[in-house]
Amino acid sequence: MLGSYFKTSRRSLVRNKLFSAINIIGLAVSMSVGLLVVAFLSDLFSYDRFHEKKNRTYRLLTHTESDDKTVMNFASTSLKAGYKIQETIAGVEDVTLIRRGFYSDAKVSDETIVPLEATWADPSFFKVFTFPMLKGDPATALKEPYSLVITEKTARKLFGEAEALGKTVRFDTLNYTVTGVLKDLPKLSHIRFEALISLVSMLGQKADSDGGVMDWSNIYQNYVYLTLPENANLKGIQAGLDKLSAAENTRLEHQKITLSLQPMDKIVFGERLSNEIGVNIPKPVAWVLIGLALVVIVSACFNYTNLSIARSMRRSREVGVRKIVGALKGHVLGQFLAESVIISLLALVLSFPLFLVLRTQFLALIPQEGLVSLELSPQLFLYFFILAVVVGLTAGFVPALFFARIKAIQVLKDASSIKVFRHVSMRKALLVIQYTFSLIFISTTLIGYRQYRGFLSFDLGFTTENILNIRMQGNKSNLLKKELAEIPAVRQIATSRMITSLGSLYGTNLKYQAKGTPDSANVWLNFVDENYLPLHRHHLIAGTNFKNRPTSGNETEVIVNEQLLKRFRITTGNPAEAIGKQVIVDKKPLTIVGVLKDFHYGTMDHKIEPTVFRYSAEEPGGYLNVGIKSEDYPAALASIEAVWRKFDKVHPLNAAFYDEQIEEAYRQFEVMVKVIGFITFLAICIASMGLFGMVVFTTETRLKEISIRKVLGASEVGLIFMLSKGFLFLLVIATLIALPVTYLFFDQVVLTKFVYHHPIGMSELLLSVVVIMLIAFFMIGSQTLKAARSNPANVLKSE
């Protein structure tokens with residue numbers, strides 16, 4: 001029977017070459033996107049799978065609530081929370097604490113100096129995580145102060161092929177001993193590091209600096225992971241966390257901190273949190289990708305359904321004969337499902353080269369480098385095969401069900417008379433759905449691109465033009481500034497702790513006492529020098545720039561924005577009234593000397609909030625902001641790089657123009673626009689192929705009618721209008737559905753997430769209609785004109 005199915009399917013494919021080609025190519029194009037999404041999701045679900053205790057490991061999350069009820073969710077937490085859990089909460093098998101932020105130069109000798117990024121970790125690290133150690137004892141490797149565990153790759157950087165275990169590595173003035181060498185980390189691990197340093201080393205150095213490294217509220221650099229026993233009482237452990245939080249919060253003012261557990265398999269593919277330690281893909285992003293792939297695949301399935309039912313008159317005779325000779329419904333159903341699966345498998349073979357091309361482009365688009373590898377594996381090939389079979393069954397289900405229900409006496413009836421709704425045939429409904437999606441995709445791409453360009457050109461409240469931001473990488477700035485100032489192209493140099501408007505947020509607490517009642521709130525912060533405001537052309541609406549040039553510890557002044565005056569009600573409307581008022585920032589009394597016109601500290605999805613500028617001490621630990629004016633920018637950059645190489649022989653120059661950094665900050669949005677644009681192109685191609693097939697079929701079945709009308713005097717224009725008006729009417733219906741849906745989706749859902757955005761213009765919506773109509777006119781016109789110009793004598797000679 002299977003052999004019979006295969007032979008019949010092969011004959012049908014050969015006999016209907018055009019329709020078979022349309023179906024196979026359409027399914028292949030759509031399936032290539034499906035393969036890409038399957039490979040992407042396969043990688044996401046494979047993260048951290050190598051850990052033996054993955055299913056029993058949880059990360060501790062922190063939730064902060066301020067006086068104004070603002071809630072923020074953090075992947076990080078306090079070291080104190082980790083130690084308290086070990087001491088007070090029963091039912092926890094193991095707890096490990098890690099802390100990020102170790103960046104330094106590893107010195108093995110005067111000749112070997114390697115920049116290294118490490119993570120502090122406690123001795124329980126290897127009890128919770130399964131990172132195989134090639135040399136050393138996992139139980140004791142991180143127990144002693146100044147212990148260092150490195151990966152194979154780091155060992156080769158530092159020691160070449162020589163033995164690393166037991167060797168000494170110098171960071172600044174301290175010597176660390178290599179106590180372990182790890183196998184290189186798997187690619188799909190959310191925790192990434194070049195080396196691990198025993199946490200006790202950091203605790204001994206920090207003591208009570210950094211505002212108290214063991215403070216309950218010091219939550220920004222630390223991460224705590226718990227391993228629980230099988231069938232652990234999660235509700236009981238959460239109750240313990242709540243009790244711990246309540247006890248510690250009594251020592252806090254103006255803030256409340258609570259804790260919760262996050263399963264390890266929800267870290268990469270789950271909720272987006274602040275201070276993520278590794279990669280994270282929010283579920284909505286994955287669902288969007290799945291949705292786009294499904295739309296394209298379903299569109300190709302619609303083509304198959306449409307063309308199969310359109311050819312029902314020819315195939316129904318075949319079905320009728322089969323039933324007369326004894327075929328049952330199940331046999332007919334199996335025949336047509338087998339045929340659609342064969343077509344889908346042929347499409348899979350054709351789609352694989354397309355997938356390999358798309359994979360390269362997709363990896364280049366992903367903002368987070370190394371997020372996925374999309375490497376081929378036997379398991380992935382199995383997923384591809386399953387996808388092809390599912391697509392084949394989906395595409396062939398409706399035609400198979402339709403033909404299985406045909407009675408032998410009805411073999412001469414027109415199968416296109418099946419109704420989905422009253423007066424609307426299935427073929428028309430499917431065409432409307434296809435073009436509705438195509439119109440939505442086109443208008444979405446155009447609106448998204450306009451918003452993206454709008455974000456890049458939005459008035460930030462300061463200038464970013466021709467400013468080169470150089471990351472200091474721990475170096476002192478004074479000597480470098482002097483040498484850079486001698487370059488003719490350098491017009492001005494400023495320093496800053498961070499680069500604003502790129503998405504990074506650096507907050508602090510500010511207090512202001514008004515009428516005897518203290519008020520407190522979190523505000524955004526940046527440390528700058530006296531050259532920063534003139535270089536970036538910030539607009540001072542009251543007061544002056546920094547007047548004093550304090551050294552570290554002698555800071556007295558602060559500059560604030562308009563929103564801060566409104567938040568604390570410092571003035572009654574005149575910003576000049578704020579000059580001379582005192583605020584407390586990080587427990588330091590500072591005097592307001594200037595008020596800035598509001599500007600964008602964060603990206604466009606953040607509203608403008610209270611912000612302060614403090615004067616940077618001698619070493620801001622951040623960036624040089626270099627204003628450049630030159631006719632030859634490559635030559636200017638070469639001069640700057642030459643100065644840097646003379647200044648720092650270890651670290652390569654890490655610099656970028658501010659405008660380019662703004663573009664990078666919105667790269668995810670750009671990627672989404674490109675992905676949707678590409679899906680739009682595929683959707684239009686597939687829908688147009690389906691429309692082309694339907695037009696060809698319609699003109700073929702109406703050739704005799706066309707010939708008779710020509711004999712009776714019908715013009716070519718009249719015939720084209722007669723043949724195409726039905727299709728154009730369907731496009732009009734699709735337009736009336738798609739445009740309101742797109743507008744409402746963006747206006748009520750997408751753009752509400754962006755506080756500052758451009759209004760949706762009619763041009764983006766109408767242009768999508770013009771594009772679709774032009775493509776449809778070409779598809780319809782080419783075939784109807786061919787039919788209208790046919791010689792009636794050749795068609796009617798046998799009548």
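The values are calculated or read from the model by the stated rules, or taken from the named source; none is laboratory data. Note that this is a predicted model, so its numbers are computed, not measured. Don't worry about glycine lacking a Cβ; one is built from the backbone with ideal geometry, like all the others, and counts go over all protein chains shown.
Figures for the structure shown
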item: Any strands (runs of 3 or more DSSP E) falling wholly within region 442-542 and containing at least 1 residues that are over 29 Å from the mean Cα position of the chain (by Cα) and touching a residue at least 24 places away in the same chain (Cβ under 8 Å); result: 490-496, 507-514, 517-528
item: Members of region 257-284 found to be outside any loop (DSSP other than H, G, I, E, B) and at pLDDT 85 or above, listed by number; result: 257, 258, 259, 260, 261, 262, 263, 264, 265, 266
item: So residue 122, is it farther than 21 Å from residue 171 by Cβ, buried (at least 16 other Cβ atoms within 10 Å of the Cβ) and among the charged types (D, E, K, R); result: no
item: Criterion violated by residue 714 - all others in (1) assigned to a helix (DSSP H, G or I); (2) surrounded by 14 or more Cβ atoms within 10 Å (Cβ to Cβ) satisfied; result: (1)
item: Residue count for region 742-765, restricted to those that are assigned to a helix (DSSP H, G or I) and either surrounded by 14 or more Cβ atoms within 10 Å (Cβ to Cβ) or not aliphatic (A, V, I, L, M) (or both); result: 13
item: Members of region 75-102 found to be of a type in the set (Phe, Trp, Tyr) and modelled with pLDDT of 90 or more, listed by number; result: 83
item: Strands (runs of 3 or more DSSP E) fully within region 35-147 counting 3 or more residues that are closer than 30 Å to residue 520 by Cα and touching a residue at least 60 places away in the same chain (Cβ under 8 Å); result: 57-66, 71-74, 94-107
item: Which listed residue is buried (at least 17 other Cβ atoms within 10 Å of the Cβ) and of a type in the set (Ser, Thr, Tyr), from 556, 571; result: 571
item: Residue list for region 621-672, filter: closer than 23 Å to residue 533 by Cβ and assigned to a helix (DSSP H, G or I); result: 640, 658, 659, 660, 661, 662, 665
item: Exclusive hit being modelled with pLDDT under 90 and either under 19 Å from residue 505 (Cβ atoms) or surrounded by 15 or more Cβ atoms within 10 Å (Cβ to Cβ) (or both), set 538, 606; result: 606
item: Any hit, region 612-621, residues being touching a residue at least 24 places away in the same chain (Cβ under 8 Å) and farther than 21 Å from residue 474 by Cα; result: yes
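A quick yes/no check of all residues on (1) polar (S, T, N, Q); (2) outside any helix (DSSP H, G or I); (3) within 20 Å of residue 509 (Cβ to Cβ):
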residue	(1), (2), (3)
563	yes, no, yes
566	no, no, yes
570	no, yes, yes
573	no, yes, no
577	no, no, no
580	no, yes, no
583	no, yes, yes
592	no, yes, yes
599	no, yes, no
